Amino acid sequence: MRRTALLAAAAALAVTGVVAPATAAAAKPPPGSEAAVGSLADDPAQRAAAAADQAVASGLDDLRVSPNETYRRTAVTPGGGMFYVTYERAYKGLPIVGGDAVVVTDANGRVRDTEAASGALPLGVPTSPSVSAEAATETAKTVLSRVDDTAAPRLVVLAWGDTPRLAWEALVSGIADGRPSIQHVFVDAVSGEIADSYDQVKAGTGNGYYYGTVTINTSGSGSSYSMTDSTRSGIRCGGQNGSAYTGSDDSWGNGGGTNLETACVDALYSVQREWDMLRDWLGRNGINGSGGGFPARVGLNDVNAYWNGSYTNFGHSQDNARQATPIDVVAHEFGHAIFQTTPGGAGSGNENGGLNEATGDIFGSLTEAYANNPNDPPDYQVGEKVNLVGDGPIRYMYNPSLAGDPNCYSSSIPRTEVHSAAGPLNHWFYLLAEGSSPGGGKPGSPICSGGPSSVSGIGIQKAGKIYLGALQRKTSTWKYVNVRTASLAAAVELYGASSAECAATKAAWNAVGVPAQSGEASCTSSGSDFSLSLSPTSGTVTPGQPATATVATSTTSGSAQTVSLSASGLPSGATASFSPSSVSSGGSSTLTIATNASTPSGTYTVTVTGSGSSGSHTASYTLTVSGTSGGRTFTNGTNYTISDLSTINSPITSTASGTAVSPVQLSITISHTCAEDLRIRLRGPSGTYYTVKSSGGSSCTSFGTRTYSVPVTQTAAGTWTLEVRDQYFLDTGYLDSWSITL
């Protein structure tokens, strides 16, 4: 049951879902409202979540979706004074792969940025598969040369690519091209063809350099010790069976290149330095951002090292003289874990994979610089001491072309092998950190055609902060242009629009050939911006009646500016007015949508646009125009309080003639902080019940306005009743309104 899961994981409640104490519904402010956000003054994470939920509910900027889609908040991650609130999306109840989103707020609960992996889906995406789950699994197996295991596939809407499609996501593991592989394979559920796939195993290459006598954190006492870090959750090292090495004393390894305990000494030393770098330099809590890490394994019988989504695994050099566990390789593999545990996870395609590989190199260089070990000085080379196959370093961040990788972005990057596709991002990071002519013995870095004459570096720590700020805005469809816009937003957020750091971030992107994007943050002296939100975000009227909402603005950076308001997407015969029609950011206006007797029934998305000197922001209002006695849409706008473990019934009397058109369409607006508590059923005039929504889930999300299609076999005329049952303790609310189209 959901409550059991929540109580068992009580420590995670602050980040996975806001669970408020039960109060009388009449006194409880709507979730995400200004009053609700203000009541969370002592808890910045909950304040951030509430503000982000409001942004999602209002369809702010990139968050606008179709009526068939819903968001579910998955995490609230702090970092650098900001909070990064992540969401997953569903289409008619099916998970959307490529539907993830991020809302960035500051500690005061003000929305600073929004990112979405994809826009609203078209209404015609099918939800019933023609291909069976079993057939999809058999197709998925064909991507491997040897299949060791499979998992039951799940039905999803795949939004990666130009056309969203219904697909089975199958997980198959085994061997591909002679190496371990865990493949997520998306099989088109209508045609049966493979639509997309990605490998969870992110392979790298190794360096067997040793650090001599070092201090590492382990655990145990007396005569029983383990290579398990007692101070960093999840960090341990052992052999291929996954268990940490143990011993009768706390002295590990013999310094030999083939000794696996020695390899674990190097691995633990390296990941512990990475953990500390993330904390001290970048403000991140652990590898996964919430105080956790992952195990390391050594003794892989391969000239390789990799991250497989659950742990890192390290092999040896080709001459088998040393293990692949120096700082830059260990931190690279754990860098893949950071990429996976920032918003958007690991996406699909060579360009996204190149960004993933470069992320590993960036965290390798950051960790190497933080450790500053005299046995392995910072150098922006990858694997420089291993002589893996007799060719020296495998990548040069300051000049990727030295290893045959591209220095500059081009249209061929999406078709370039992932390690080579990392070149432009590695090059950008070096230019941002050190500049094109850093001096002091550091190598110069070339500038691509059309770029600036030079780039001035800002230092590796600041460059790392900006890149992590960009990663916190990542979505599953990330490409180079998205990294550019995300890093510029992070630079403005961290250092200001008029800062040298912002100018250097932009210059470094121009220097590697990634073009400027419409709407990207500007490096100017202004630095002013505002946000826009609506309350409520939806309303239901009959033809001839008006709907009203408050348009709230806030100054998110810089000084206040004049914001002019307009509306679009109105139904025929409707007009919109604002009182006043422009406000100074921080002020509010009343939106009135007036309908007339001929306004057709239906549900409409009205887009409210606020235009200021820094740009424009939008928010969405869902307007439902219900039918008259001769129409087919009927509404009950009476509020019903929903208490814990209680049932409410809201009736509607239909005068429509004939048989109800199946499926009937429901639009339900409920103010409740835990939609997972609610079971909803529809009772027809004949007394037959139809399930609309079941209760249960592992987290809590606000209900808001949701639409449902319910197959029925009923006459249209008579009393239709919506039954809402609260199944659990702690969360209460009220049914605001509902409508049925017959």
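Scan segment 162-192 for residues that are free of Cβ contacts under 8 Å to residues at least 40 places away in the same chain and not in a strand (DSSP E or B) and jot them down. Hits for segment 162-192 are D162, T163, D177, G178. Which condition from (1) in contact with a Phe, Trp or Tyr (Cβ under 6 Å, 6 or more places away or on another chain); (2) among the polar types (S, T, N, Q); (3) in a loop (DSSP other than H, G, I, E, B) is the one that T641 breaks? T641 satisfies all of (1) in contact with a Phe, Trp or Tyr (Cβ under 6 Å, 6 or more places away or on another chain); (2) among the polar types (S, T, N, Q); (3) in a loop (DSSP other than H, G, I, E, B) except (3). Condition test on S554, is it closer than 30 Å to T524 by Cα, in contact (Cβ under 8 Å) with a residue 24 or more places away in the chain and touching a strand residue (DSSP E or B) at 6+ places or on another chain (Cβ under 9 Å)? Taking the combined requirement at face value, the residue satisfies it.
Within the set A176, A170, the sole residue that is surrounded by 19 or more Cβ atoms within 10 Å (Cβ to Cβ), more than 20 Å from the chain's Cα centre (by Cα) and under 29 Å from G335 (Cβ atoms) turns out to be A170. Where the second residue is in a helix (DSSP H, G or I) and aromatic (F, W, Y) and the first is without any contact (Cβ under 8 Å) to a residue 60 or more places away in the chain and lies in segment 502-515, which pairs have Cβ atoms under 7 Å and are six or more apart or on separate chains? Between residues of segment 502-515 that are without any contact (Cβ under 8 Å) to a residue 60 or more places away in the chain and residues that are in a helix (DSSP H, G or I) and aromatic (F, W, Y), the close pairs are C502/Y495.
Taken as a whole, the structure places G98 among residues that are open to solvent by less than 50 Å² (accessible area, probe 1.4 Å) and farther than 23 Å from L534 by Cβ.
Has segment 592-603 got at least one residue that is small (G, A, S), surrounded by fewer than 18 Cβ atoms within 10 Å (Cβ to Cβ), assigned to a strand (DSSP E or B) and in contact with a strand residue (DSSP E or B) (Cβ under 7 Å, 6 or more places away or on another chain)? The answer is yes, given that some residue of segment 592-603 is small (G, A, S), surrounded by fewer than 18 Cβ atoms within 10 Å (Cβ to Cβ), assigned to a strand (DSSP E or B) and in contact with a strand residue (DSSP E or B) (Cβ under 7 Å, 6 or more places away or on another chain). Of all residues in segment 15-38, one or more are open to solvent by less than 40 Å² (accessible area, probe 1.4 Å), touching an Asp or Glu at 6+ places or on another chain (Cβ under 8 Å), at pLDDT below 50 and farther than 20 Å from S643 by Cβ. On the stretch given as segment 119-138, residues that are surrounded by fewer than 18 Cβ atoms within 10 Å (Cβ to Cβ) and either of a type in the set (S, T, Y) or within 20 Å of A90 (Cβ to Cβ) (or both) total 10. Of the residues making up segment 183-227, those that are among the β-branched types (V, I, T) and at pLDDT 80 or above are V185, V187, V190, I194, T213, V214, T215, I216, T218. Annotation: of all residues in segment 571-591 being more than 28 Å from R112 (Cα to Cα) and outside any strand (DSSP E or B), the one that is farthest from the chain's Cα centre (by Cα) is G573.
The values are calculated or read from the model by the stated rules, or taken from the named source; none is laboratory data. What you see is a predicted model, and the numbers here were worked out from it, not measured in a lab. Virtual Cβ from ideal backbone geometry, glycine too; neighbours counted across all protein chains shown. Accessible surface areas use protein heavy atoms only, side chains included; no ligands, DNA or RNA. Shrake-Rupley method; radii C 1.70, N 1.55, O 1.52, S 1.80 Å.
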